[in-house]
Amino acid sequence: MIHILLTTDPISEGYVILITGLLIVFSALITLALFFNFGLPILLYVYKIITKGKDKKVSEIKVKSDSGFTGEISAVIGAAVHMYTSEQHDFESAILTIKQVKKPYSPWSSKIYGTQNRL
Amino acid sequence: MKKLILVFSVLSLLIFIRPVFGLGADTNSTNNTSVSTTQVELSEGEGVFDGALNGIKTFYSYTGFANSSSGNVIMIIIGIVFIYLGIKYDYEPLLLIPIGAGVILGNIPFVAGNQTGIYETGSVLNYLYFGVVKGIYPPLIFLGIGAMTDFSSLIANPKLMLLGGAAQIGVFATFLGALYLGFNLPESGAIGIIGGADGPTAIFLSSKLANGVNIMPDGTTVKNLIGPIAIAAYSYMALVPVIQPPLMRLLISKKDRKIRMKPPRAVTQKEKMIFPVVALILTTFISPSSLPLLGMLFFGNLLKESGRTERLADTARTKLIDIVTILLGVTVGASTQADIFITKDSMLIFGLGATSFVIATCGGLLFAKFMNLFLKGDNKINPLIGAAGVSAVPDSARVVHTEGLKSDPTNYLLMHAMAPNVSGVIGSAIAAGIILSFLG
């Protein structure tokens, strides 16, 4: 295919790639969209029939108490928490100071009280 | 103790000075005539000082100061600017800081032939760069992205997938633009993918098409454009918060910006598990060349959603992607060695990259408006989320969210914008596959 196309002008081949490329990208995404719009519910329905409704545990869980709590609110909370934690910095001063500590006089090792010195 | 140190230092001093005074054992043995001795003394003394000077000169000729060119200095300044942008303005710091450090690393001037530079075979940087040249890093990044991404908003509202396709018009428009500017076909394909706003995809495609190794059918070698393309893609991705808002305000009316979308329905775990498998099969059947990218993306997502491989998913989305990001960032940065990077082509690529982002954003926004013509009442979409169709996950979705908040402080678009955003990733990977299958 490349050899046939090379005899033509690269610009016109560019247009060919532009049109086919866009078409393919769109068709791929449309197939995906169609499948998840129509195919998936059918699949799940078939699965339900095969397993004869054993799989009802999810629906038994009551979620009515927080029906106002939609996915977008949780996403916003998540984003807020993320932004809060990511913008937290602990700025510490890089200047270290060593304070001189004055010790009270302690004679515990003083030489004048050694065994050599007889007062 | 002090005496010992004194003796030692005097001895060591003597040993160093010895050749200067000609006190060496070998000169003593040749002390036959005084004339010859003096000659030896002189020549030796001069020899040592000259040798030292020459040594310093050769050392200087090996330093960066002697070899630096204006290009190196410019690129080092650019690297510092990248690091500054990453730290100060928080523009994708995870990318800009490694790349900035890499730019500095790659532009330290050196003498060629010592296996130092990234383009010299055998150097360590060259081995690390191998992952870029052979396209190993991008699929690994995609694995991590897949393990991070939640596709549920896309599953809940599959029609938003089309917005991710609409933004790919930027890819093909840039491809044409590059052709008109005189790049040959493979190079144009690699440049076009900048419009996909997806760093790993851009690196993957340019490493396959514009790697400086491939030979065109007419006998010319393609140029090595991996560095400029990767830098352009990543820097424009970081600049999404600057590029997109003006276009949104220009194209979308105030009334449209306030459209509220109904919250997406809850998605069951079963659907989430089916999605990666089905999407993998469907998309790679349509565009098999994008297999390395899409395969890893959906594999990572399967690890996340299966619920049984939490450990693998956890590694993929944290440690693995971090390691690869570090290596990718530094080596892509270092590949911008001035003598290869500062060319007219790179400037053209930067120009094309900017236009491709603009076209992709406009494509997404206009297609969202177009879709609204067919949608009734509650189902209408907020056209702002079309801008998230350029991938740049998750930055463009965040931009859409903040733009939406500006016109209506209680309208949260983040969740809705994630759907076109992730489908933009899929779309640009498919587009890369198509370009690769045409031109590879």
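See the values below:
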quantity: Cβ-based charge dipole, the protein assembly as shown, positive-most Cα from B:Ala52, B:Phe438, B:Ile145; calculated: B:Ile145
quantity: Rg and Dmax of the protein assembly as shown, Cα atoms only, in Å; calculated: 32.7, 116
quantity: Sequence ranges B:144-154, A:68-78, B:404-414, ranked by mean other-Cβ count within 10 angstrom, highest first; calculated: B:144-154, B:404-414, A:68-78
quantity: Of B:Asn107, B:Val399, B:Phe130, farthest towards positive along the dipole that unit charges on Lys, Arg, Asp, Glu beta carbons give chain B; calculated: B:Val399
quantity: Estimated dipole of the protein assembly as shown in Debye, rounded to 20 [Cβ of Lys and Arg +1, of Asp and Glu -1, Cα centre]; calculated: 2640 debye
quantity: Chain B, dipole about Cα centre (Lys/Arg Cβ +1, Asp/Glu Cβ -1), debye to the nearest 20; calculated: 2060 debye
quantity: Solvent-accessible area lost in complex, 40 Å² minimum, residues of the stretch A:12-33 relative to chain alone, 1.4 Å; calculated: A:Tyr15, A:Ile17, A:Leu18, A:Leu22, A:Ile24, A:Val25, A:Phe26, A:Ala28, A:Leu29, A:Leu32, A:Ala33
quantity: Amide N of the stretch B:239-274 lying under 17 Å from the label point, which is placed 7 angstrom from the Cα of B:Leu375 along Cα→Cβ; calculated: B:252-266
quantity: Inter-label distance for B:Phe350 and A:Tyr84, nm, one decimal - labels placed 7 Å from Cα along Cα-to-Cβ; calculated: 4.1 nm
quantity: Helix runs (DSSP H) in chain B reaching 24 Å along axis by Cα, Kyte-Doolittle at least 0.0; calculated: B:2-21, B:70-88, B:269-286, B:344-372, B:414-439
quantity: Furthest towards positive pole of dipole, A:Gly39, B:Pro186, B:Pro246, structure part the protein assembly as shown, Cβ charges; calculated: A:Gly39
quantity: Cα gyration tensor category, rounded, prolate or oblate, for chain B with a/c compared to 1.5; calculated: prolate
quantity: Share of carbon and sulfur in the accessible heavy-atom surface of the stretch B:109-157 [1.4 Å probe, %]; calculated: 63 percent
quantity: Tail weight of P(r) past 13 Å, computed on alpha-carbon pairs of the stretch B:331-388, percent; calculated: 69 percent
quantity: Global form of the stretch B:151-303, assessed from the alpha-carbon gyration tensor, a/c cut-off 1.5; calculated: oblate
quantity: Size of electric dipole in the stretch B:277-376: Cβ of Lys, Arg +1 and of Asp, Glu -1, about Cα centre, debye, nearest 20; calculated: 380 debye
quantity: Among the listed pairs B:Lys262/B:Lys376; A:Lys48/B:Lys272; B:Lys134/B:Lys304, those beyond 24 Å (Cα-Cα); calculated: B:Lys134/B:Lys304
quantity: Förster radius 51 Å - calculated FRET efficiency between A:Ile77 and B:Asp218 (Cβ-Cβ, nearest 0.05); calculated: 0.30
quantity: Other protein chain Cβ atoms within 10 Å, averaged over every residue that makes up B:171-182; calculated: 3
quantity: Probe 1.4 Å, accessible area per residue of the stretch B:311-379, Å²; calculated: 48 Å²
quantity: Residue list for the stretch B:295-319, given a label point 7 angstrom along the Cα-to-Cβ vector of B:Met273 and an amide N cut-off under 19 Å; calculated: B:298-314
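The values are calculated or read from the model by the stated rules, or taken from the named source; none is laboratory data. Since we're looking at a predicted model, the values are computed, not measured. Note that we place each Cβ from the backbone using ideal geometry, even for glycine, and neighbour counts take in every protein chain shown. Just so you know, the surface numbers come from the protein's heavy atoms only, side chains and all, with ligands and any DNA or RNA stripped out. Shrake-Rupley method; radii C 1.70, N 1.55, O 1.52, S 1.80 Å.
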